[in-house]
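Here the structure comes first, spelled out in structure tokens, and everything after it is commentary.
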Amino acid sequence: MQTIDMATAPLREVNTALQAQAAQTNQTQWVIENPRGAHAIAVGLDAPIEVTVKGSTGYYCAGMNKQATVHVTGSAGPGVAENMMSGTVIIDGDASQYAGATGHGGLLVIKGNASSRCGISMKGIDIVVHGNIGHMSAFMAQSGNLVVLGDAGDALGDSLYEARLFVRGSVKSLGSDCIEKEMRPEHLEILKDLLERAGADAKPEEFKRYGSARTLYNFHVDHAGAY
């Protein structure tokens, strides 16, 4: 196991060491100590390594992640797992704004709450939030799955495309073109798999599904007020 102490090692040195790992590396286990809220920790990784960050991080932790598993034992600042491509990112605490923004793939698990704009413009990522999410989450979400075991704030799924949103708790309000949809057997299977992978103690039948009404795909004068 490789251990780096950020009390003495600068951020550039930390990321350079992690980014240097290749697909066939034998240095697969990494521990980052004393992150002290530093920004952009473990960004741009592209190897099947496991990185444990012992503490809380600043903005853009694990951004652009590919293949790696990044586990933050504290909370994360804005933009955690932003533009993630694959792999897994786990946050034991809370996540600030736009967690998982523009993510193309992989799994982001937030065991606490997520702030506003969680999953904004998501493009294939799967996000599971054990707590609540803030307003404007899944804004313009294109594909992927957002699972919320708690409640959702205002304007959920505003202007979304084909992403699937699953919420167990209450939804304060739905955004433009977002509606509640039927939960079919295939959706229950998707949800069951995601809950198991995220270690979430919940049953798929407890959730409601939300998605696009598809009225904003093309301009229509009767819908002009919704644009």
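Remarks
- In segment 195-211, the residues that are touching a residue at least 12 places away in the same chain (Cβ under 8 Å) and in contact with a helix residue (DSSP H, G or I) (Cβ under 9 Å, 6 or more places away or on another chain): Leu195, Ala200, Ala202, Pro204, Glu205, Phe207, Arg209
- For the residues Asp158, Asp154, the requirement of being in contact with a Phe, Trp or Tyr (Cβ under 6 Å, 6 or more places away or on another chain) and of a type in the set (Asp, Glu) singles out Asp158.
- In segment 21-42, the residues that are over 16 Å from Ile90 (Cβ atoms) and crowded, with 18+ Cβ neighbours inside 10 Å: Gln21, Ala38, Ala40
- With respect to (1) at negative phi; (2) not acidic (Asp, Glu); (3) not in a strand (DSSP E or B), the lone exception for Ile32 is condition (3).
- With respect to being modelled with pLDDT of 95 or more, within 19 Å of Ser96 (Cα to Cα), of a type in the set (Ser, Thr, Tyr) and touching a His at 6+ places or on another chain (Cβ under 7 Å), Ser116 fits the description.
- Contact annotation: no residue pair with Cβ atoms under 6 Å, 6 or more positions apart or on different chains, pairs a residue in segment 2-27 that is free of Cβ contacts under 8 Å to residues at least 60 places away in the same chain and more than 15 Å from Ala68 (Cα to Cα) with a partner that is polar (S, T, N, Q) and not in a loop (DSSP other than H, G, I, E, B).
- Residue satisfying all of: in segment 82-125; of a type in the set (D, E, K, R) and not in a strand (DSSP E or B); surrounded by the most Cβ atoms within 10 Å (Cβ to Cβ) among these: Arg117
The values are calculated or read from the model by the stated rules, or taken from the named source; none is laboratory data. Nothing here was measured: the structure is a model prediction, and the numbers come from that model. Here the Cβ is made from the backbone with ideal geometry for all residues, glycine too, and neighbour counts use every protein chain on show.
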